[in-house]
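Structure record follows, encoded as structure tokens.
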Amino acid sequence: MRLSELLWLIPSAFAAQPSAPAPISAPLRDLHFGQLNFLHTTDTHGWLAGHLQEPSYSADWGDYISFAERLREKIEGNGQDLLVIDTGDRVEGNGLYDSSEPKGVYLSEILRHQHIDVITSGNHELYKQNTSESEFLHTVPDFKGKYLASNIDIHHPETGELVPLAQRFRKFTTKVQGIRIVAFGFLFDFTGNYNNTVVQRVEDTIKGEWFQEAIRDKEVDLFLVAGHVPAHSTEWRAVYEEIRRTRWDIPIQFFSGHQHIRDYAKYDSQAVALASGRFMETIGFMSIDGLSTEKGLRKQSQPTFKRRYIDNNLFSFYHHTNLNETNFHTEKGRKVSKQINKSRTTLGLDRVHGCAPKDLWMSRVPYPHPDSVYTWLETEVLAETLQDGASVERPSVAILNSGAIRFDIFKGPFTQDTMWTISPFTNGFRRVKDVPYEKVQLIMEILNKQTKVLFTLQDAVTEPSLLPLAGPEQVARSEEIVPEDDGLLEGGLFSNKGPSGQMPLVPSDFDSELLPGYTTKDDEGDDGDDTIHAPISFYKTPNCIQALVSADKSRVPERVDLVYIEFVQPYLALAAKFAGLDVDFVKESEVFMPSVTLTDLILKWVKNHWQCES
Ligand SMILES: *[C@@H]1O[C@H](CO)[C@@H](O)[C@H](O)[C@H]1NC(C)=O
Ligand SMILES: *[C@@H]1O[C@H](CO)[C@@H](O)[C@H](O)[C@H]1NC(C)=O
Ligand SMILES: *[C@@H]1O[C@H](CO)[C@@H](O)[C@H](O)[C@H]1NC(C)=O
Ligand SMILES: *[C@@H]1O[C@H](CO)[C@@H](O)[C@H](O)[C@H]1NC(C)=O
């Protein structure tokens, strides 16, 4: 692997968002361009402004547009082709999406300027009726002919008739070489959608007539299977096997999402899957050489595949295009960066509510720990803010799932934007009064340690729509961990599954040799990341945390009010059965502090405690 020289950039006059930190130079691995090349994003969750506190991911959607345009010029100039893919979860998780009314109006105006060849839906597009309807009425037409929904139907917003969310598949031929592609767009076997959409199981969809016909197309050089589906998954395995049953020698390229990780799966020598992270941290790159085209047979007996995970910053973009700040940015790219800035200003996302005195981490420190965001929530935020609504007769225990927090908090300004990134959910709280404290502890034990038991119970009561309590990164990592150890997931062991690189880098880090960040290990080895980083350690987070709200914390209470975030109710109900607590959570619980969300509580606490010094 040829490493380019360590280059230094002058930290000024970058595009990106003007307030974003300048990217930091680091040793880079080059892209290997091939006959057919791809750029891939997934799980962007509204982060189209890039990361304003993290130099490694500070490029915005406008810069990405410039990157794709410049790469296309270069690649097409060489007689090759470039395709751009997005595999869903574009909504929810960043103020640029969540803070407008209606949600997403600014975001979709920004998103549509990227030229995308295949785009699909994630699960987040389907949780609420109006989100999927907005997808159907706006995003699908914005990407007309490119938006694929192989296994999603929607009740038409006006007629109520059940129709495909978008076309099922697409056959097209690449611009330069005439590579004939049959493309699909899937969502994993998701059951938590609102009832105005219908998600057909992938395993059933591929038995359908239209799919069977599509894979029997004789004039095809590549099957392109994009979707909001993990790279290593039973769904992709099923699609792979179904295609191979009839087409043993046609290359298959999968693009994946949902787990928020960088990952690459090799199904056979000519079938691979790439997953490209989350939150606009990663631009996935793939190239394939040795494909046949409409003009002729393959030049080599076996196609070759190359993958690369590009850190989303201008340093990487300049390097891979061989351009610099004067000649990299395209007119369209600049316009979109300006549009993002304007939208952020209109939405007031830079409004400062306070200043965090230190970093608070989701998984970079063990739990509990003074720098753990969960410890902070339990001991400071909830213990204080829930006091208002709590009854005076007895103490309360508040339970929430760790997945309710979506991102780290960095030392420095805590803005309107920070609020949306750490807690975008709109769930309120509920309460069941007067239960034995000891049973609540048993429930916590079950929720955190006995997830197997929980899932057996879940099957028993057929509650298929339960969503994981922890965030997707944590779920992806825990699939790999079996032992109940001290919780340390070594960077080396785990870094491929980690949302690494969340370190706020400052220019003084310039003198360290390697910056901490993604150090991915996948089916092809450990040389996939474009930027060579020092690894980061990860620690397991609990599924659920609890805060005791009590006047006298030194005494273990006998009976408490059980307060919990709405989201965990079905889990509590299951765990309570197992713990022998006879409560009907649907009938016996009441709304606690009406229309107050976790986000509201955090904001209230921050305003009271984190004044900025100036
Ligand atoms: C938007 O642009 C203005 C003017 O260049 C700048 O002061 C401000 O910091 C920008 N906002 C962001 C989020 O970069
Ligand atoms: C959906 O409805 C909610 C509640 O009225 C609203 O806040 C939100 O903006 C709507 N979302 C969309 C995409 O229209
Ligand atoms: C969807 O659920 C709502 C309640 O949330 C119900 O009123 C409606 O009848 C359901 N629609 C269908 C098609 O099942
Ligand atoms: C950018 O590259 C062009 C062409 O190689 C060169 O003329 C120009 O001086 C460079 N600009 C900067 C700021 O390095």
Segment 336-350, residues that are more than 11 Å from ligand 1 (Cβ to nearest atom) and modelled with pLDDT under 95: none
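Only one of Phe315, Phe407 is closer than 30 Å to Phe285 by Cβ and assigned to a helix (DSSP H, G or I). Can you tell me which? Quick ask: steps written out before the conclusion?
On the way: Phe407 fails: assigned to a helix (DSSP H, G or I).
Answer to the selection: Phe315.
Yes or no: Ser301 free of Cβ contacts under 8 Å to residues at least 24 places away in the same chain and within 27 Å of Ala231 (Cα to Cα)?
Details: free of Cβ contacts under 8 Å to residues at least 24 places away in the same chain: yes; within 27 Å of Ala231 (Cα to Cα): yes.
Spelling it out, Ser301 is indeed free of Cβ contacts under 8 Å to residues at least 24 places away in the same chain and within 27 Å of Ala231 (Cα to Cα).
Per-residue answers, yes or no, for (1) buried (at least 22 other Cβ atoms within 10 Å of the Cβ); (2) away from ligand 1 (no atom under 16 Å from the Cβ); (3) of a type in the set (A, V, I, L, M); (4) under 25 Å from Glu92 (Cβ atoms):
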{"site": "Arg334", "(1), (2), (3), (4)": "no, no, no, no"}
{"site": "Ala356", "(1), (2), (3), (4)": "no, yes, yes, yes"}
{"site": "Thr385", "(1), (2), (3), (4)": "yes, yes, no, yes"}
{"site": "Phe414", "(1), (2), (3), (4)": "yes, no, no, yes"}
{"site": "Val440", "(1), (2), (3), (4)": "yes, yes, yes, no"}
In segment 157-171, residue surrounded by the fewest Cβ atoms within 10 Å (Cβ to Cβ) [restricted to those that are in contact with an Asp or Glu (Cβ under 8 Å, 6 or more places away or on another chain) and in contact (Cβ under 8 Å) with a residue 40 or more places away in the chain]: Lys171
Unique match (being assigned by TED's automatic domain parsing to the domain that holds Thr174 and either among the basic types (Lys, Arg) or more than 21 Å from the chain's Cα centre (by Cα) (or both)) among Asp86, Asp60, Asp81: Asp81
Some residue of segment 173-185 being assigned to a loop (DSSP other than H, G, I, E, B), within 16 Å of ligand 2 (Cβ to nearest atom) and in the same structural domain as Val91 (by TED's automatic domain parsing): no
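Has segment 379-387 got at least one residue that is under 27 Å from the mean Cα position of the chain (by Cα), closer than 30 Å to Val586 by Cβ and part of a helix (DSSP H, G or I)? So that I can check it myself, show each step before the final result.
As a first pass, look at segment 379-387 and keep what is under 27 Å from the mean Cα position of the chain (by Cα): 381-382.
With the extra rule that they be closer than 30 Å to Val586 by Cβ, the set shrinks to 381-382.
When the remaining residues are screened for being part of a helix (DSSP H, G or I), the result is 381-382.
Among the residues of segment 379-387, at least one is under 27 Å from the mean Cα position of the chain (by Cα), closer than 30 Å to Val586 by Cβ and part of a helix (DSSP H, G or I), which makes the answer yes.
I'm checking my understanding of the structure. Among residues of segment 287-331 that are among the aliphatic types (A, V, I, L, M) and within 15 Å of ligand 4 (Cβ to nearest atom), which one is surrounded by the most Cβ atoms within 10 Å (Cβ to Cβ)? Quick ask: steps written out before the conclusion?
Quick first cut of segment 287-331, residues among the aliphatic types (A, V, I, L, M) only: 288, 291, 297, 310, 314, 323.
From what's left, within 15 Å of ligand 4 (Cβ to nearest atom): 314, 323.
Working: Leu314: 26, Leu323: 17.
Here the residue is Leu314.
Based on what the data block shows, is Gln53 over 23 Å from Thr519 (Cβ atoms) and polar (S, T, N, Q)?
Working: over 23 Å from Thr519 (Cβ atoms): no; polar (S, T, N, Q): yes.
So Gln53 does not fit the description; no.
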Pick from segment 368-398, criterion without any contact (Cβ under 8 Å) to a residue 60 or more places away in the chain and acidic (Asp, Glu), ranking: nearest to Lys540 (Cα to Cα): Asp371
Pairs, first modelled with pLDDT under 95 in segment 128-156, second away from ligand 4 (no atom under 16 Å from the Cβ) and in a helix (DSSP H, G or I), C-beta under 9 Å, six or more apart: none
Residue list for segment 190-220, filter: under 20 Å from Arg170 (Cβ atoms), in a loop (DSSP other than H, G, I, E, B) and of a type in the set (Val, Ile, Thr): Ile206, Ile215, Val220
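The values are calculated or read from the model by the stated rules, or taken from the named source; none is laboratory data. All values reported here derive from a predicted model rather than from experimental measurement. Every residue, glycine among them, receives a Cβ derived from its backbone with ideal geometry; neighbour counts consider all protein chains shown.
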